[in-house]
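The structure appears right after this line, and notes come after that.
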Amino acid sequence: MLEILPSIDLRNGQVVRLKQGDYTQQLNYAVDPIQTAQSFSDAGASWLHLVDLDGAKEGRPAQTDLIARIIRSTKLKVEVGGGIRATEDVQRLLDAGAARVVVGTKAMEDWHWFEVLVKQFPQQIVLALDAKEGKVATRGWTNTSDKLAVDIAAWVTYWPLAAILYTDVAKDGMLQGPNIEHTKSLCEAGNVPVIASGGVGNLDHIRGLTKIPAWGAIVGRSLYEGTVDLREALQIARSA
């Protein structure tokens, strides 16, 4: 079964989406983030994916109070990412009610710290592997490294990670379909569950993801623009 994780990206307290991670290509949605989370719960979702875009850009969580209010407003299990660079950031978000915390840039820049973190919070940390042409991108996708996402997935195969969140930057926010091939390779590289992120624009894209061993899929912009109905997406994913 594929788990669908509807997404709320926050910037200055507003629900937005970025195209390809570009802060100059921002789409604004006139919806309340708390009401949006509640609507996802009402549609039958089990999980919510929350991104603090201000935090991702600034390198520190910037909207923790709002995130805590969103978490308290529903019974959804919530994973939170954006700007987590310190153990204290992780603890604060878990204390706010997050089920798990997504770490990307800091993991790539301080691998020893990340390994200690994963052992300190088993099954509560998600490793974000954001990639451009298979190579890991960091710092809000502004920097690209020489590390291959698939190699990192293989390296952490026996770590007590909750999941790997794999985002193809070129696909993100474009509604043109996820990178099935790269996502499948990542799923097959190790034992850690993989969440596909970026590009889901219609129900056929959901069907495509059910055919690979991905644990979950992030769905964002398509929900706000009406090209994917969450109830239908959940039904397809759960019946696969």
Segment 46-57, residues that are under 23 Å from ALA233 (Cβ atoms) and surrounded by fewer than 23 Cβ atoms within 10 Å (Cβ to Cβ): SER46, TRP47
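Which one of THR227, THR210, THR167 is touching a Gly at 6+ places or on another chain (Cβ under 9 Å), surrounded by fewer than 21 Cβ atoms within 10 Å (Cβ to Cβ) and among the hydroxyl-bearing types (Ser, Thr, Tyr)? If you could, list the steps in order and put the result at the bottom.
Numbers: THR210 fails: touching a Gly at 6+ places or on another chain (Cβ under 9 Å); THR167 fails: surrounded by fewer than 21 Cβ atoms within 10 Å (Cβ to Cβ).
Unique residue meeting the criteria: THR227.
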Candidate set from segment 1-30 (those that are of a type in the set (A, V, I, L, M) and modelled with pLDDT of 90 or more); member that is nearest to ALA233 (Cα to Cα): ILE4
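Quick check on segment 1-20: of everything there that is β-branched (Val, Ile, Thr) and touching a residue at least 60 places away in the same chain (Cβ under 8 Å), which residue is nearest to ILE218 (Cα to Cα)? Don't jump to the end; show me each part of the working.
Filtering segment 1-20 down to residues β-branched (Val, Ile, Thr) leaves 4, 8, 15-16.
From what is left, the residues that are touching a residue at least 60 places away in the same chain (Cβ under 8 Å) are 4, 8, 15.
Numbers: ILE4: 6, ILE8: 10, VAL15: 15 Å.
Checking each candidate, the answer is ILE4.
Let's see how each residue does on (1) over 13 Å from the mean Cα position of the chain (by Cα); (2) in a loop (DSSP other than H, G, I, E, B); (3) modelled with pLDDT of 95 or more; (4) acidic (Asp, Glu):
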site: PRO160; (1), (2), (3), (4): yes, yes, yes, no
site: THR167; (1), (2), (3), (4): no, no, no, no
site: LYS171; (1), (2), (3), (4): yes, yes, no, no
site: MET174; (1), (2), (3), (4): yes, yes, no, no
site: GLY177; (1), (2), (3), (4): yes, yes, no, no
site: CYS187; (1), (2), (3), (4): yes, no, yes, no
site: VAL192; (1), (2), (3), (4): yes, yes, yes, no
site: ILE206; (1), (2), (3), (4): yes, no, yes, no
site: ALA217; (1), (2), (3), (4): no, no, yes, no
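Yes/no matrix, rows are residues, columns are (1) aromatic (Phe, Trp, Tyr); (2) farther than 24 Å from GLY226 by Cα:
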{"residue": "ALA30", "(1), (2)": "no, no"}
{"residue": "THR36", "(1), (2)": "no, no"}
{"residue": "PHE40", "(1), (2)": "yes, no"}
{"residue": "PRO61", "(1), (2)": "no, yes"}
{"residue": "LEU76", "(1), (2)": "no, no"}
{"residue": "ILE84", "(1), (2)": "no, yes"}
Of all residues in segment 24-38, how many are of a type in the set (Ser, Thr, Tyr) and either at positive phi or surrounded by fewer than 16 Cβ atoms within 10 Å (Cβ to Cβ) (or both)? 1
TYR23, sole failed condition from (1) over 16 Å from the mean Cα position of the chain (by Cα); (2) over 23 Å from SER222 (Cα atoms): (2)
GLY82 being at positive phi and surrounded by fewer than 21 Cβ atoms within 10 Å (Cβ to Cβ): no
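State whether one or more residues within segment 191-205 are within 21 Å of LYS147 (Cβ to Cβ) and touching a helix residue (DSSP H, G or I) at 6+ places or on another chain (Cβ under 6 Å). So that I can check it myself, show each step before the final result.
Let us first name the residues in segment 191-205 that are within 21 Å of LYS147 (Cβ to Cβ), namely 191-198.
Now restrict to residues that are touching a helix residue (DSSP H, G or I) at 6+ places or on another chain (Cβ under 6 Å): 194, 196.
Checked segment 191-205: at least one residue is within 21 Å of LYS147 (Cβ to Cβ) and touching a helix residue (DSSP H, G or I) at 6+ places or on another chain (Cβ under 6 Å).
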Does THR105 count as of a type in the set (Ser, Thr, Tyr) and surrounded by 17 or more Cβ atoms within 10 Å (Cβ to Cβ)? yes
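So which of VAL118, VAL102, VAL80 ends up being farther than 22 Å from THR157 by Cβ, touching a residue at least 24 places away in the same chain (Cβ under 8 Å), in contact with a strand residue (DSSP E or B) (Cβ under 6 Å, 6 or more places away or on another chain) and of a type in the set (Val, Ile, Thr)?
On the way: VAL118 fails: farther than 22 Å from THR157 by Cβ; VAL102 fails: farther than 22 Å from THR157 by Cβ.
Within the list VAL118, VAL102, VAL80, the selection yields VAL80.
Out of the residues in segment 194-204 that are of a type in the set (A, V, I, L, M, F, W, C) and not in a loop (DSSP other than H, G, I, E, B), which is surrounded by the fewest Cβ atoms within 10 Å (Cβ to Cβ)?
Our first condition is that a residue be of a type in the set (A, V, I, L, M, F, W, C); within segment 194-204, this holds for 194-196, 200, 203.
Imposing the further condition that a residue be not in a loop (DSSP other than H, G, I, E, B) reduces the set to 194-196, 203.
Working: VAL194: 25, ILE195: 26, ALA196: 33, LEU203: 17.
Only one residue tops the list, namely LEU203.
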Odd one out for ARG139 among (1) surrounded by fewer than 22 Cβ atoms within 10 Å (Cβ to Cβ); (2) at pLDDT 95 or above; (3) not acidic (Asp, Glu): (2)
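The values are calculated or read from the model by the stated rules, or taken from the named source; none is laboratory data. Keep in mind the model is a prediction, meaning the values are calculated, not measured. No Cβ is skipped: glycine too gets one built from the backbone with ideal geometry, and neighbour counts run over all protein chains shown.
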